Structures are given as structure tokens and as C-alpha cells.
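Novice: If you scroll down you'll find the structure; I have some questions about it.
No lab work stands behind these numbers, since they all come straight from the coordinates. Quick caveat: nothing in here was measured; it's all calculated off a predicted structure. Note: ideal-geometry Cβ built from the backbone for every residue, glycine included; neighbour counts use all protein chains shown.
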Amino acid sequence: MSSADLIKILGTAGARYVVARQLRYSAGTLIRLGGETILLDPGPGTLVRLAKSKPAIDVTTLDAIILSHGHIDHCNDVNVLIDGMTEGGLKRRGRLFAPRDCLEGENAVVFNYLREFLEEIVTLEPEREYQQGGVSFSTSAPHDHGTETYGIIFDHRGDRISFMVDTRFFPELLPSYEGSGVLVINLVRHKPHESGDVRHLCLDDAREILKAIRPRQAVLTHFGMTMIRAKPWVVAQQLADELGLDVRAASDGMTIELR
Ligand SMILES: [Zn+2]
């Protein structure tokens, strides 16, 4: 794989039906920036999708893993990736960034025996800045998602590359993502859930978000069944026409080259 700055979305599945039936892959997102290789939200199948990418992506080339939150479609493969990237602990290397809920307490998701294989485990807190090698990223304000969840915003060479992960929409979400050149949105639902109690974004929310942020490049991903049925590429084109923005629907394995 080249060393150019890029995002590779290994999987685009976003809710239990789509994940359980693997209608889309549920692997995470590979981010290569400034020579660092970072895996965000390693859902089920991430190790497989790395190995099966063309060309294959060697797990030992990962420098860091970031978990946005501890739901299974975001963290299932974290343990096997830690084992892989450290060669079973033979090489103490790599960093894990994760919210406290993923690391401590009854919902912790990282096996204890693997923790010492890593160079460092960094606890994510809201609206804080972090460094990975020469790359800086910050966390968003807390998302409204039922478990401790942060969006991830990279500030790189004057550009902002943002990942608005799972959340219910609320207006206070927007300032964290202001100025995003590239905005990846986890758009799980086409219509709001009838119960009004599903803490995920729907199409109307995505429209509001894109109107407010107006990124140079918007990418929709993490699709639930209602989005799959609505054909994500059709939804993306409609938003693009309506808002006059470049909006793309992610497909499994899609690479976005960064400027
Ligand atoms: Zn979630």
C-alpha cells in the first residue's frame, strides 16, 4: 500500500441486521496520514478485510487503533488486532486510544493480557487533542449514543478530516465538526425510527449536518437496512444535487485519497 495520505473504508455495515448477515462488511476504517497508519473502529471482520485487501494490508504495519465507543460493530476485532500488530506481544508497539468505558468497568472490551503488548493505552476524553507520531487529532463533544462515544477529528496540514460516528442528532454536535474539509458520517437510518428512541443519525439529520458544515467532500457510511434498501449511492446523489456538495456513499474497500 502506498504511503500517500488516504482513508480506506474496509466495511460499511452499520446496524445489527446488516452486520449479522454481512450484507456489507463490518470492518473498520484505515486512515493513513503523515506516515502513520491508524485503524478506527475495528468491527467484526477487520483483520480479515486487512488481509484480503488488494494489495493486502499487513496488520503489523498498524501504528494505532482508535475506538470511538464500545459497541460490537466498532470494537469486535480490537483484541485480535492488538495481538496481530504486536506479533503476539513479541514486539511491544502501537497505541490504543479509547474512551474510559472501553477500558474500565463492566463494559471494558480489551483483554487484560494484551494490554502490556502495547506501547501505550490512551484514555479518550471529550474535546481533547491527541498525538500519534506527527499526526494530531481531537475528540468531539460527547455524542448522544447511550455509551461513552466521541467523534474523531484529524487536523492535518491545514485540513480537517472528521469522522462523525454513531450518535443521535443534537445541534450542539455541530461545533466540534466545524471547518471539516472531509466529513465521514455514520448514516445508519434512512428515516427516523418510529420509537424516536434510536440513537443514530437519519437522512434528515445528515442533511442538516451537511448544510451547516459544508465539507469539501462528504462520505456516507455505516448503513443500516433502511439505508441499504434506499440505495446509499442514490441518497448521496440526491443530497449532492440538493446541497451543491460533493457527497459520496462509501462502498466496502473504497479508498479516498486525501490532498
Ligand atoms: Zn454504536
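Novice: Would you work out the relative contact order for the chain, in percent, from Cα pairs under 8 angstrom that are 6 or more residues apart?
Specialist: Across the chain, relative contact order equals 18 percent.
Novice: Sticking with this one: How far apart, in nm, are the 7 Å Cα→Cβ label points at D144 and A212?
Specialist: Result: 1.1 nm between the two label points.
Novice: For region 110-259, what is the Kirkwood hydrodynamic radius in Å, using each pair of distinct C-alpha atoms?
Specialist: 16.4 Å
Novice: Additional query: Subtracting the Cα-Cα distance from 0.36 nm times the residue separation, let me have the gained length for R16 to R100 in nm, one decimal.
Specialist: Once the chain is fully extended between R16 and R100, it gains 27.8 nm.
Novice: I would also like to ask the following. So if we plug the beta-carbon distance of R157 and T255 into 1/(1 + (r/R0)^6) with R0 = 22 Å, what FRET efficiency do we get, rounded to 0.05?
Specialist: Using R0 = 22 Å, I get an efficiency of 0.70.
Novice: To continue, here is another question. Regarding region 1-85, what are the three Cα extents along the principal axes, ordered largest first, in Å?
Specialist: Computed over region 1-85, the largest-to-smallest principal extents equal 35, 23, 19 Å.
Novice: Which of A20, G34, I9 sits closest to the plus end of the dipole of region 1-59, meaning its Cα is farthest towards the positive end, when Lys and Arg get +1 and Asp and Glu get -1 on the C-beta?
Specialist: A20
Novice: Suppose we look only past 32 Å in the calculated P(r) of the chain. What percent of the Cα-Cα pairs does that tail hold?
Specialist: The calculated P(r) of the chain puts 14 percent of pairs beyond 32 Å.
Novice: Once the convex hull of the C-alpha atoms of region 46-102 is built, how many Å³ does it hold per residue, rounded to a whole number?
Specialist: 80 Å³
Novice: Ok, one more. Can you flag which of K8/K52; K8/K231; K54/K191; K191/K211 are past 25 Å Cα-Cα?
Specialist: K54/K191
Novice: Once label points are set 7 Å from the Cα along Cα→Cβ at both R115 and D197, what is their separation, rounded to one decimal in nm?
Specialist: Here the answer is 3.4 nm between the modelled labels.
Novice: Then there is this: If you wrap a convex hull around the Cα atoms of region 40-138, how much volume per residue is inside, in Å³?
Specialist: 96 Å³
Novice: Can I ask one more? Which one, L174, N76, G89, is farthest towards the positive end of the dipole of region 66-224 when Lys and Arg carry +1 and Asp and Glu -1 on their Cβ?
Specialist: Checked the options; the winner is L174.
Novice: Run the simple label-point estimate for R92 and D58 please: 7 Å along Cα→C-beta, distance reported in nm.
Specialist: 2.3 nm
Novice: Can you give the Rg and Dmax of region 74-188 based on its C-alpha atoms, in angstrom?
Specialist: 15.1, 46
Novice: In percent, what relative contact order does region 101-246 have, based on Cα pairs under 8 Å that are 6 or more apart in sequence?
Specialist: 16 percent
Novice: So, R0 is 30 Å and r is the distance between the beta-carbons of A51 and R128; what FRET efficiency does that work out to, to 0.05?
Specialist: 0.35
Novice: Still on this structure, I have one more. Quote the FRET efficiency, to the nearest 0.05, computed for S136 versus R229 with a Förster distance R0 of 51 Å and r equal to the Cβ-Cβ distance.
Specialist: Here the calculated transfer efficiency is 0.85.
Novice: If each DSSP helix of 4+ residues adds -39,500 (n - 2.57) and the sum is divided by the residues in the chain, what number results at 222 nm, nearest 500 deg cm²/dmol?
Specialist: Taken over the chain, the calculation gives -5500 deg cm²/dmol.
Novice: Where the centre of each part is set by its Cα atoms, how far does region 31-50 sit from region 163-234, in angstrom?
Specialist: After rounding, the separation between the Cα centres reads 21 Å.
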